[in-house]
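Written out below as structure tokens is the structure these notes cover.
FYI, it's all coordinate maths here, none of it is from the lab. Because the structure is a prediction, the values reported are computed rather than measured. Cβ sites come from the backbone with ideal geometry, for glycine too, and all protein chains shown count toward neighbours.
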Amino acid sequence: MPPLSAAPALALHDVSKRYGRRWALARLTYALPAGRSLLLTGHNGSGKTTLLRLLATALSPTAGRVEVLGRDAVMERDAVRRDVALLSHASFLYEDLTAHQNLTVLARLLGLPSPADAASAELTRVGLDRRSDSPVRSFSAGMRKRLAIARLLLKAPTIALLDEPFGELDPAGIRDMEAIIAELKGSGVTVILATHLIEQGLTLCEERLHLQEGRAVAA
Amino acid sequence: MSTSRPRPIGLLTATLALLRKDLLIEWRTRARLNAIIFFALATLLMFSFALGPDTKLLEKNAGGYFWLAILFASVLALGESFRVESENACMDGIRLAPADARAIFLSKALGNTLLLTALGVLLVPVMVALYGVRIVTSVVDLGLILLLGSLALSAPGTVYAAISSNARARDVLLPLLLFPLVIPALLSAAKATTLVLQGDPMRQFDSWAGLLGGFNLIYWGVGFLLFPRIIED
């Protein structure tokens, strides 16, 4: 069970992020109370992915401060990284390793006591146990997404950052993903979900933040 | 969801886990190993063709040609070691795991050292056959220089491969950055190898090996300290 925290799940203080001359996020201020889940919406290029990557500490803000569970995402980067897991557009998967090997590598880095067993359990959880010894290179897009989800679950995060989790999944996969998100929420995980499937997102999240050109606007 | 919570692991454990992963990928594909072996063999062969039938010149400069072949091949090996991490943003996945950035440096640099040392071991008999040289002093000395030379190419090579991995002209950038920096190490390795192949009446080997060891201390120390800043945003 993830640790409970009195601090907001996330707090953004005047956060900006610039790529070259373009501002992906512009002076964004927002706080998500602990125990609530957040739906991020907005058109392509509105800043959703950048925001998720800032929260995951994959990026640092150009200006402003990002806090995750009361910790500064730049100064206490490693502590934040232990608490959050990111499901990204990129799968973070090694193409030449098998599904099981990919998860075992992560389990070792996470210091889990039985890396191989933990990897097998998550592969079963996402329905890939029969393909555990196949190289990722041979996987379809939907299977890669499932394996990326297994990677996220292996980390047992306090905050799950999900960037377009329904993309590339078939209808059965979407139902499974909805069940996984509901299960994550049921076990106390804060879910931050970016998706264009707004109806589905609204059934899963209590809060909503709509972004337009890097700024928060009314949905 | 996994019932066990992640717990921080030590630098050594993380380094070994990442090194094991890199060796596993290398073993499964063998693409990098095959490429650098053929490239280095072709380079040794080209030197002998370029100099023609002058066997004395080949014998005299064999140590230098040997290390140039390893240096040129190392560019392929170093670049490839980070291409694997660029695919599917695997480096982000490792960073966010989280893995200590210094462990990433150590695992990559050690992996590249192993690869270059193995390449050197394969090239020695080819050099002996092509250039008509023989090991005059001792195989142990040659092994030591091979290891020290590979270490000296791998540490700065890993740093620069990481820097250039996201650049558009990375194939050009890596040798441009790396070659000037490793000239002192290359010179020391080539001199020491020449002494092994031609005899060492003045007992200079220890000095060159010591110098190479000193370069290694600097290269590995600087790489260890700088790498976290290089791979973070």
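Which shape class, rounded, prolate or oblate, goes with segment B:11-231 when its Cα gyration tensor gives a ≥ b ≥ c as root eigenvalues, a/c under 1.5 marks rounded, and past that a/b bigger than b/c marks prolate? In terms of gyration-tensor shape, prolate. Annotation: the residues B:Trp220, B:Trp27, sorted from fewest to most other C-beta atoms within 10 Å of their own C-beta, follow the order B:Trp27, B:Trp220.
Multiplying the residue separation of A:His196 and A:Ala179 by 0.36 nm and removing their Cα-Cα distance gives an extension gain of 4.3 nm. Rounded to the nearest 5, the antiparallel percentage of DSSP beta bridges internal to chain A is 55%.
Counting only Cβ charges, +1 for Lys and Arg and -1 for Asp and Glu, the dipole size of segment B:1-150 around its Cα centre is about 360 debye. Remark: spin-label model distance B:Arg134-B:Leu11 equals 4.6 nm, labels positioned 7 Å along the Cα→Cβ axis.
Measuring nothing but alpha carbons in the protein assembly as shown and taking Rh as the Kirkwood radius, the Rg to Rh ratio lands at 1.07. GNM on chain B, alpha-carbon springs under 10 angstrom: the most fluctuating residue among B:Arg134, B:Arg30, B:Arg168 is B:Arg168.
Considering chain A as a Gaussian network with a 10 Å cut-off on Cα pairs, which listed residue, A:Leu209, A:Leu193, A:Leu51, attains the greatest mean-square fluctuation? Result for chain A, Cα springs under 10 Å: A:Leu209 fluctuates most. Farthest towards the positive end of the charge dipole of the protein assembly as shown, among the residues A:Gly142, B:Val121, B:Ser164, is the Cα of B:Ser164, using unit charges on the Cβ of Lys, Arg, Asp and Glu. Considering only beta bridges that DSSP places wholly inside the protein assembly as shown, some 55 percent are antiparallel. Please find, in a Gaussian network model of chain A (springs between Cα atoms separated by less than 10 Å), the residue of A:Met143, A:Met177, A:Met75 whose mean-square fluctuation is greatest. In the Gaussian network model the winner is A:Met75.
Specify the angular offset, from 0 to 90 degrees and rounded to the nearest 10, of the alpha carbon long axis of helix B:101-131 from the longest principal axis of the alpha carbons in chain B. Computed tilt is about 20 degrees. When each of B:Phe66, A:Phe166 is scored by the number of other beta-carbon atoms lying within 10 Å, the sequence from fewest to most is A:Phe166, B:Phe66. Here the spin labels are modelled as points 7 Å beyond Cα on the Cα-Cβ line, and at B:Met202 and B:Ala42 they lie 3.8 nm apart.
Each principal axis of the Cα atoms in segment B:124-196 has its own extent, and those three values, largest first, are 45, 22, 16 angstrom.
The calculated FRET efficiency for the pair A:Arg22 and B:Ala167, based on their C-beta separation and a Förster distance of 25 Å, comes to about 0.80.
Ranking B:Ser81, B:Ala101, B:Phe47 by how far each Cα lies toward the positive end of the dipole of segment B:1-106 (charges on Cβ) leaves B:Ala101 at the top. For the cross-link pairs A:Lys155/B:Lys21; A:Lys17/B:Lys108; A:Lys48/A:Lys145; A:Lys48/A:Lys185, which exceed 29 Å when the distance is taken from alpha carbon to alpha carbon? In this structure, A:Lys17/B:Lys108 exceed 29 Å between Cα atoms.
Could you line up A:Asp72, A:Asp83 from fewest to most neighbouring Cβ atoms inside 10 Å? Neighbour counts put them in this order, fewest first: A:Asp72, A:Asp83. Each 10 Å bin from zero holds the following percent of Cα-Cα pairs in segment A:1-145: 10, 32, 30, 24, 4. The alpha-carbon of B:Lys56 sits under 19 angstrom from the alpha-carbons of these lysines, leaving out residues fewer than 8 places away in its chain: B:Lys191.
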